[in-house]
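The values are calculated or read from the model by the stated rules, or taken from the named source; none is laboratory data. Note that the structure is predicted; figures quoted are calculated from it, not measured. Counting neighbours? That spans all protein chains shown, and the Cβs are built from the backbone with ideal geometry, glycine included.
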Amino acid sequence: MESRIYTLTSALHDKRRIDEESSQYIAEIQKHTDTRLTVTDGLEGYGRQAEGAEVIYVRTGGTEMQFADKVQVQAGRLVYLLTSGGNNSLAASMEILSYVRDHGGSGEILHGSAEYTARRLTEIALAENARRKMTGRTIGVIGRPSDWLIASHADESALRTALGISVQHVDMAELTEAVAQVKAVPQETKARLQPCKSEWFDGALRIYEGLRTVVARRGLDALTLRCFDLLTSLRNTGCLALALLNAEGVPSSCEGDVPALLTMMAAQALTGRCGFQANPSRINPETGEMVFAHCTVPLDMVREYSYATHFESGIGVALHGELEEGDATLMKVSGDLKRLFVRDLTLARNQYEANLCRTQVVLRCEPETAAELLRAPIANHHVIVSGHWRKAAEALFAPFTEP
């Protein structure tokens, strides 16, 4: 992954000396990151980078008007400024970032130790690449959001404006007809899974094959399914189908929840995995321990799994998966992209209780984080991913979220 660094330098300074200082500064940062740093003299080409991050290295003071003359700032524009602090560069950077904010943009000054700066450059590069991966995607809403998701709708205009995401609304009848056309489940599909003796197994895999047909026919990059309707129309569930699709890299959320789907798309773009969409079942604001659960989980996230029935209905094929303990991130973005909740925490253990959805994990976080979820949640479902991704996720959504 490459990040390009553009430079701003005042003509009042000795350029040869500044070049030498800059070379040493960038070399020290490069020691601490796998992201390849390429330096361009001046701002030629800024705004057209296809990979990694774009950063303006403010090398000296007196560069404020150069920036204002050459960089068009508008609402949503994200500007990252790098400064060593020498030659009045930090003061100039603060003036420039204030100018950016006054004109509706946002950004950050990267300033500190070489280790810190390298870490932020890596996080920003990940975020920029993830945003590009999300841009221009097509998502399908099969059915409509479940009736109880009264706060989990999407602002389709905002998604189109911010990321070029288009939404296709697919009638449930299209899916049920596609399922009906499945003559037999391919043996290679069954071979990918543990054997299952459930009477609902073949039906669950037919739903998977039907969803694959809809995805291909509609050109979908991601989907959300009003899955509870399948309980009556097909007397089965979509839990296994969604687990398979997510493992294949097609972000697929339950219950027609578009904001959860957007969060899963972000998780995949950042980490390579779609993440585990789950209900908060218990939150302890005194200890910071929380239980999240759902009846499906991406099969590429679990170290082992077994089959169960869907919790609420007692029918179909659900999954009880065991996730790896350790570093994890809890994420949720709102349907208009204006609010983001993301926290680094710990996946402490897996559990199984009969009165909850079938895959159950215990998360451990700061008590204040747990209390915040109880004060100002972004609706119901949240997404859990392995590893700590908070800073990269914040950078990904920075152009859209409200301060």
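Mind listing whichever residues of segment 305-320 are assigned to a loop (DSSP other than H, G, I, E, B) and either touching a Lys or Arg at 6+ places or on another chain (Cβ under 6 Å) or more than 13 Å from Gly203 (Cβ to Cβ) (or both)?
Passing the criteria: Phe311, Glu312, Ser313, Gly314.
Hey, any hits in segment 55-63 for a residue that's under 30 Å from Ala158 (Cβ atoms), buried (at least 17 other Cβ atoms within 10 Å of the Cβ) and in contact (Cβ under 8 Å) with a residue 60 or more places away in the chain? Let's see the steps before the verdict.
Filtering segment 55-63 down to residues under 30 Å from Ala158 (Cβ atoms) leaves 55-56.
Checking which are buried (at least 17 other Cβ atoms within 10 Å of the Cβ) leaves us with 55-56.
From what's left, in contact (Cβ under 8 Å) with a residue 60 or more places away in the chain: 55.
Yes, segment 55-63 has at least one match.
Does segment 172-186 include one or more residues that are within 26 Å of Asp336 (Cα to Cα) and surrounded by 22 or more Cβ atoms within 10 Å (Cβ to Cβ)? Before the answer, list the steps.
Kept after step one, since they are within 26 Å of Asp336 (Cα to Cα), are these residues of segment 172-186: 172.
Restricting the remaining residues to those that are surrounded by 22 or more Cβ atoms within 10 Å (Cβ to Cβ) gives none.
For segment 172-186, residues within 26 Å of Asp336 (Cα to Cα) and surrounded by 22 or more Cβ atoms within 10 Å (Cβ to Cβ): absent.
Does Leu345 satisfy the criteria of being outside the structural domain of Gly52 (by TED's automatic domain parsing), at pLDDT 95 or above and not in a helix (DSSP H, G or I)? Before the answer, list the steps.
Values: outside the structural domain of Gly52 (by TED's automatic domain parsing): yes; at pLDDT 95 or above: yes; not in a helix (DSSP H, G or I): yes.
Criteria met by Leu345.
Quick check on my filter: what residues within segment 177-211 are charged (D, E, K, R) and either under 29 Å from Ala269 (Cβ atoms) or part of a helix (DSSP H, G or I) (or both)?
The initial filter retains those residues of segment 177-211 that are charged (D, E, K, R), namely 177, 183, 188, 190, 192, 197, 199, 202, 206, 209.
Result: Glu177, Glu188, Lys190, Arg192, Asp202, Arg206, Glu209.
So is Glu199 acidic (Asp, Glu), modelled with pLDDT of 95 or more and loosely packed, with under 15 Cβ neighbours inside 10 Å or not? Steps first, answer last, please.
Details: acidic (Asp, Glu): yes; modelled with pLDDT of 95 or more: yes; loosely packed, with under 15 Cβ neighbours inside 10 Å: yes.
Criteria met by Glu199.
Looking at (1) among the acidic types (Asp, Glu); (2) in contact (Cβ under 8 Å) with a residue 12 or more places away in the chain; (3) surrounded by 11 or more Cβ atoms within 10 Å (Cβ to Cβ), find the lone condition where Asp34 falls short.
Going through (1) among the acidic types (Asp, Glu); (2) in contact (Cβ under 8 Å) with a residue 12 or more places away in the chain; (3) surrounded by 11 or more Cβ atoms within 10 Å (Cβ to Cβ) one by one, Asp34 breaks only (3).
For segment 321-337, give me each residue that is closer than 20 Å to Pro259 by Cβ and either acidic (Asp, Glu) or more than 14 Å from the chain's Cα centre (by Cα) (or both).
Residue satisfying the conditions is Asp336 alone.
If a residue must be modelled with pLDDT under 95 and in contact with a Gly (Cβ under 9 Å, 6 or more places away or on another chain), how many such residues does segment 22-36 contain?
So the answer is 2.
Can you tell me which of (1) part of a loop (DSSP other than H, G, I, E, B); (2) among the hydroxyl-bearing types (Ser, Thr, Tyr); (3) more than 30 Å from Lys190 (Cβ to Cβ) is the one Thr329 doesn't meet?
The number of the failed condition is (1).
What's the number of the only condition in (1) touching a residue at least 24 places away in the same chain (Cβ under 8 Å); (2) farther than 17 Å from Gly47 by Cβ that Arg101 fails to meet?
Of the numbered conditions (1) touching a residue at least 24 places away in the same chain (Cβ under 8 Å); (2) farther than 17 Å from Gly47 by Cβ, the odd one out for Arg101 is (1).
How do the pairs read when you match residues in segment 105-116 that are in contact (Cβ under 8 Å) with a residue 40 or more places away in the chain and among the aliphatic types (A, V, I, L, M) with residues anywhere that are assigned to a strand (DSSP E or B) and surrounded by 14 or more Cβ atoms within 10 Å (Cβ to Cβ), using Cβ under 6 Å and keeping only pairs 6 or more apart or on different chains?
Leu110/Leu82
Just need a number here: residues in segment 74-84 that are free of Cβ contacts under 8 Å to residues at least 40 places away in the same chain and either surrounded by fewer than 13 Cβ atoms within 10 Å (Cβ to Cβ) or closer than 11 Å to Pro399 by Cβ (or both).
Within segment 74-84, the first condition is being free of Cβ contacts under 8 Å to residues at least 40 places away in the same chain, and the residues that meet it are 74-75, 79, 81, 83.
Add one more test, that the residue is either surrounded by fewer than 13 Cβ atoms within 10 Å (Cβ to Cβ) or closer than 11 Å to Pro399 by Cβ (or both), and what stays is 74-75, 79.
Adding up the residues that qualify gives 3.
Step by step: first the residues of segment 212-259, then only those that are part of a strand (DSSP E or B) and in contact with an Asp or Glu (Cβ under 8 Å, 6 or more places away or on another chain), then the one that is surrounded by the fewest Cβ atoms within 10 Å (Cβ to Cβ). Which residue is that? Spell out how you get there, then give the answer.
From segment 212-259, those part of a strand (DSSP E or B) are 222-225, 252-254; that's our starting set.
Now restrict to residues that are in contact with an Asp or Glu (Cβ under 8 Å, 6 or more places away or on another chain): 224-225.
Working: Thr224: 31, Leu225: 29.
Per the stated criteria, the residue is Leu225.
Kindly indicate whether any position in segment 240-248 is acidic (Asp, Glu) and touching a residue at least 12 places away in the same chain (Cβ under 8 Å).
Taking segment 240-248 first, the residues acidic (Asp, Glu) are 248.
Cutting the leftovers down to touching a residue at least 12 places away in the same chain (Cβ under 8 Å) gives us none.
Taking every residue of segment 240-248 in turn, none turns out to be acidic (Asp, Glu) and touching a residue at least 12 places away in the same chain (Cβ under 8 Å).
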